[in-house]
Amino acid sequence: MNRAIALLLLACPSAGAAWQWELGGSLKGIASFQRLRQTGVFSASNLPSLEQRFRLQGSLVRSWLRAEAAHEQSLLLQRPLPAAFPIPSLSPASAWEANSRVTGDSTTSWTQRLDRAFVQLSYSTAELRVGKQVIDTGVGRLFTAVSQVQRYPFVFIDQEYPKTEDAVALAWKGPLTLEARYLPKVRGQRKDGFHLRAKGNQGGYDVAITAGRSDDKPYVGIEAAGNLGDSLLRAEIVGYEWGSASAVQALVGIDRVFSPSWSGQAEVFFNGFGTAGGYTFGPFTHRSAPYRGRWYAGASATWTISPRWKASFGGMANLHDPSGLAYLHTECSLRESLDLVVGQYLGLGGVSSELGGRLAVPGLPGVAVGLPDTSFVELRYYF
């Protein structure tokens with residue numbers, strides 16, 4: 001796949017001087033050590049691993065036309081750690097399963113995925129995009145009131161590239177911005193998804209009205225964002241219905257740049273699909289909202305120590321447990337296009353809490369699973 005993309009992009013510029021193309025990617029080596037939170041699943045609670053990620057991406061542009069694709073491969077080496085039973089995946093499926101396993105055994109896994117592949121047509125203020133693409137919804141940064149795509153696991157190392165989904169997206173960017181997105185239904189869903197958005201400016205604030213269907217649940221919502229002094233305020237509320245039940249997702253956030261070297265953001269999130277406690281490791285009520293509690297708070301900060309050094313730290317908390325997930329990433333620019341990152345994810349909370357404990361697996365007495373504490377070192381090279 002990556003060779004085909006490269007040949008296509010190299011061949012097309014000869015069609016005329018108006019064609020422009022780009023080809024690049026990244027190579028990432030990751031060494032990690034996970035301290036597993038589990039009971040009755042694995043024979044050991046430590047999991048060291050080495051992973052090599054390779055990404056090739058390219059774009060082809062000519063005035064009104066843009067085509068873009070990205071392909072990733074991953075080679076993972078880790079200690080044999082068979083589970084006592086098959087562990088189900090709680091992540092939602094994609095309409096087009098572009099992930100596959102090339103080969104592997106108990107210690108080695110070679111996988112590949114088509115991360116994105118779309119064609120975009122633009123004319124004046126109108127834009128049409130078809131294919132696997134990033135789906136932007138809402139004003140949340142740490143949490144999301146509406147989501148139409150899979151989520152990265154909370155402790156997934158290196159979430160640089162946003163998740164994508166198959167969709168048809170149409171936008172008109174006039175005085176009033178209008179957006180419409182159609183997403184084919186995935187395995188386990190009865191109906192296709194869609195997202196409608198109308199955004200304008202009122203009193204210096206961007207205000208949008210939204211409607212759609214996510215995970216078989218129709219919804220309507222309103223969102224707003226605007227400056228207050230040196231800060232950016234963001235808010236969103238969305239109401240869902242399914243069957244005879246209903247739920248509300250809502251968030252309020254603030255972003256601020258304190259100085260050339262310090263910036264930060266914070267959010268409070270209400271998850272109407274969650275409960276106040278008694279969590280178990282099972283399917284989510286709303287697959288696009290992988291939170292089990294009702295009230296959450298999150299914050300993050302970035303400190304630019306020098307042109308070569310940068311540190312990011314923060315986390316989120318389930319306010320009912322209470323429990324939390326904290327992280328720290330320190331990044332050093334070794335040279336142009338070469339970075340070294342050292343990071344840590346740490347769960348905090350009681351023995352049965354969502355983010356720092358172990359959740360019982362229904363139907364399996366004595367079995368419990370929780371988020372692992374993860375330490376990692378990553379070397380990133382871009383070309």
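No lab work stands behind these numbers, since they all come straight from the coordinates. All figures in this text were calculated on a predicted structure; none of them were measured in a lab. A quick note on method: Cβ atoms are made from the backbone with ideal geometry, for glycine too, and the neighbour counts reach across all protein chains shown.
A straight chain from L196 to L77 at 0.36 nm per residue would run longer than the Cα-Cα distance by 38.5 nm. Summing Cβ point charges (Lys, Arg +1; Asp, Glu -1) relative to the Cα centre of the chain gives a dipole of roughly 480 debye. Restricting attention to the chain, lysine pairs at least eight places apart or on different chains and with alpha-carbon atoms under 20 angstrom apart total 9. Annotation for S100 and W295: the two label points, set 7 Å from Cα along the Cα-Cβ direction, are 4.9 nm apart.
The label point for T39 and the one for R187, both projected 7 Å from the Cα toward the Cβ, are 3.1 nm apart.
Given R0 = 51 Å, the distance between the Cβ atoms of T280 and W21 translates into a calculated FRET efficiency of 0.50.
When every Cα-Cα distance of the chain is counted in 10 angstrom steps from zero, the calculated P(r) takes the values 4, 19, 29, 31, 14, 3, 0 percent. If R0 equals 30 Å, the separation of the Cβ atoms of T330 and I209 corresponds to a calculated FRET efficiency of about 0.15.
Add +1 for every Lys or Arg and -1 for every Asp or Glu among the other residues with Cβ under 10 Å from the Cβ of G356, and state the total. Kindly include the intermediate steps, with their values, before the conclusion.
Values: positive: R37, R358; negative: D321, E354, D373.
Its environment carries a net charge of -1.
Hey, what did the chain get for relative contact order, percent, Cα under 8 Å, at least 6 apart? Mind dumping the intermediate values first?
Values: 993 pairs, mean separation 51.9, N = 383.
Relative contact order for the chain comes out at 14 percent.
Remark: spin-label model distance V220-W172 equals 2.1 nm, labels positioned 7 Å along the Cα→Cβ axis. For the chain, the mean residue ellipticity at 222 nm estimated from helices alone is -1000 deg cm²/dmol, where every DSSP H run of n ≥ 4 contributes -39500 (n - 2.57) and the total is divided by all residues, rounded to the nearest 500.
Pop the C-beta distance of V252 and L47 into the FRET formula with R0 = 41 Å and round what comes out to the nearest 0.05. Approximately 0.65, to the nearest 0.05. Between the stretch 350-382 and the stretch 262-281, the C-alpha centres lie 17 angstrom from each other.
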